[in-house]
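Bear in mind these aren't lab numbers, they're just calculated from the coordinates by the rules spelled out. From a predicted model like this one, the values you see are computed outputs, not experimental measurements. Every residue, glycine as well, gets a Cβ built from its backbone with ideal geometry; the counts of neighbours run over all protein chains shown.
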Amino acid sequence: MSSTERPQLRWEPVARVCFAILGTLALLGCLLSLRTGWLTESTMMEGAGFHHIFPAGWPHLANQPMYFTFMSNALLAVTGWTLALRPRASSTLFHVLHLCGLVCIIITGVVFNLLLRSDDPMTPLQRFHDGVQHIATPILAPVLWLVFGPRGRVSWRRIGLASLIPIVWLVVTMVRGAIIDWYPYGILDVPKLGYAGVSVWVVSILAFYFLVAGVLWWVDRGRAPRPR
């Protein structure tokens, strides 16, 4: 790859600091999720059709990565710190992970705040945790991408590769849910909604995924040449 083809960050020194902040916030959100799993048992959603509850400690802690929010923030933690330490990272794997994290965190912010947010009371720490994972990182990640880049890294091939990550997450979630009788979100609650009802939500969110990715591709295409 020639120097003209290397991914560039605008205002690189400032960009490094901002991506480090994003990576730190995303990592902090994941660590707080693990803390929650270690100290408390899982809660049952009102009207849920499944019945499994994870006890506090290792069972609930180990289950935290099965949440879409955790996965999205984990991707941001990895890619945010990568851009902070190696702003000219150019591998396809990195840019697939970066694109997936960006799209998934936007979906997290929109879907959670519009469809899944409840009025349950929260402690100050829980409110902070919620604000980091469902508000701060979903806003900060796309803003930093718009301001700093890297430019010219979004292609339909990479969008397709990036989509495999949430698709695998979905398949694992549904198979695991059928085995252990637990689902992370009400919109995936097969015992209550049935596979037909869940399929409506799954297809809608996958369509939203490609819509968001398409918008990112369009914006990126207008600002820099697409990768070869």
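Over the range 110-151, the fraction of Cα-Cα pairs per 5 Å bin, rounded to whole percents and listed from the shortest bin up, is 6, 20, 22, 21, 13, 10, 6, 3, 0. Any idea what % of Cα-Cα pairs in the range 61-173 are farther than 21 Å? More than 21 Å apart: 39 percent of the Cα pairs in the range 61-173. The slack between Met66 and Ser199, meaning 0.36 nm per residue of separation minus the straight C-alpha distance, is 46.0 nm. Here the calculated FRET efficiency for Asn113 and Glu41, from their Cβ-Cβ distance with R0 = 30 Å, stands at 0.75, rounded to the nearest 0.05. Counted by Cβ distance under 11 Å from Ser118, the other residues give a net charge of -3, where Lys and Arg count +1 and Asp and Glu count -1. For the pair Leu211 and Val17, label points projected 7 Å from Cα toward Cβ lie 3.7 nm apart. Largest mean-square fluctuation among Asp119, Asp130, Asp181, in a Gaussian network model of the chain whose springs join Cα atoms under 10 Å apart, belongs to Asp119. The alpha carbon gyration tensor of the range 122-225 gives principal lengths a ≥ b ≥ c with a/c of 1.5 or higher and a/b no greater than b/c, which makes the shape oblate. Over the range 122-177, the alpha carbon radius of gyration divided by the compact-protein estimate 2.2 N^0.38 Å works out to 1.58. Among Arg16, Arg153, Arg127, the largest mean-square fluctuation in a Gaussian network model of the chain (Cα springs under 10 Å) belongs to Arg127.
If you run the Gaussian network model on the chain, springs between alpha carbon atoms under 10 Å, then out of His134, His60, His51 the most flexible one is His51. Charging the Cβ of each Asp and Glu at -1 and of each Lys and Arg at +1, and nothing else, the dipole of the chain about its Cα centre rounds to 1260 debye. When the square roots of the Cα gyration tensor eigenvalues are ordered a ≥ b ≥ c, the ratio a/c for the chain is 1.5 or more and a/b exceeds b/c, which makes its shape prolate. Mean Kyte-Doolittle of at least 1.0 and a Cα length of 15 Å or more along the axis: which whole DSSP H helices of the chain meet both? For the chain, where a helix must reach 15 Å along its axis and average at least 1.0, the hits are 12-39, 68-85, 92-111, 137-148, 156-180, 190-223.
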